[in-house]
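So the structure is just underneath, and the comments pick up after that.
Here, each number is a calculation from the coordinates, and none is a lab measurement. Keep in mind it's a predicted model, so treat the numbers as computed, not measured. Note that each Cβ is placed from the backbone with ideal geometry, even for glycine, and that neighbours are counted across all protein chains shown.
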Amino acid sequence: MGTMAMMAVSVAASGLKMLSENAAAERQQKAANETAARQVAELKRQQKREDEIAAEEKSDAFKEYEIELGTLRAASADSGVTTAAAAAAAGAAAGALGLTVRRIEGNRQETQSARGANVLSIISENREQQSQTKSGIASNTLGFFGDAAGTAAKYRKEQVPPKTPKANTVGYTSLDARAGQKRTSKRSNIWT
């Protein structure tokens, strides 16, 4: 096989290797993107469920308040409790309801904040990985083209016949060079 054919096979093999490595990096990045998307979707699903639970707990707290308020009204009507005492008991029940609702909402917001931070972390890490993958692919591709250009330059250098060095005849005539005699002056014909 000639030099040109061997170099062409070498460049083609390098090209296939580069394409294979780039495709593998792209597949890995695609898998990482899908994993990140699933993680984000799961965190959003969990937060949605947390929001639903909080809404249910608040609704249950309001129902308990209404039941307690109804019980207080019925008890005050039957036992002759003063309006002021009934109002005080209703106010205490309302205060307890407010505390319960604030606690439920505070817990919901806390978990929402933590999940939001996790989502941002996942997205940030995935973007960093995407950047590294793109950089690696670009570096790999540029490396291949640099190697191919070097191979082409090497082949071209090997194909150009070497120039034969010219004899240094400065200060010699053609007869002088053959005889090995040097003139004393370039302009004179005086022999030494």
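A crude spin-label estimate for the pair Ala92 and Val9, with each label 7 Å from Cα along the Cβ direction, gives 9.7 nm. Note on the range 10-85: semi-axes of the ellipsoid equivalent to its C-alpha gyration tensor, largest first and rounded to whole Å, are 71, 6, 4. Our analysis of the range 3-179 gives Rg over Rh at 1.65, with the two radii drawn from alpha carbon positions and Rh computed by the Kirkwood formula. Cβ-to-Cβ counts within 10 Å put Tyr65, Tyr155 in ascending order as Tyr155, Tyr65, the fewest first. Need the list of aspartates and glutamates near Lys134 for cross-linking: C-alpha distance under 14 angstrom, and skip anything on the same chain fewer than eight residues off. Within reach: Glu21, Glu26.
The slack between Arg127 and Val81, meaning 0.36 nm per residue of separation minus the straight C-alpha distance, is 9.9 nm. Fully extending the segment from Tyr155 to Gln28 would add 42.1 nm, taking 0.36 nm per residue of separation and subtracting the current Cα-Cα distance. As a proxy for reagent exposure, ranking Arg73, Arg45 by other Cβ atoms within 10 Å from fewest up yields Arg45, Arg73.
Residue-wise HN-Hα couplings along the range 40-48, as the Karplus relation 6.51 cos²θ - 1.76 cosθ + 1.60 with θ = phi - 60° gives them from phi, are 5, 4, 5, 5, 5, 5, 4, 5, 4 Hz; Gly and Pro carry x.
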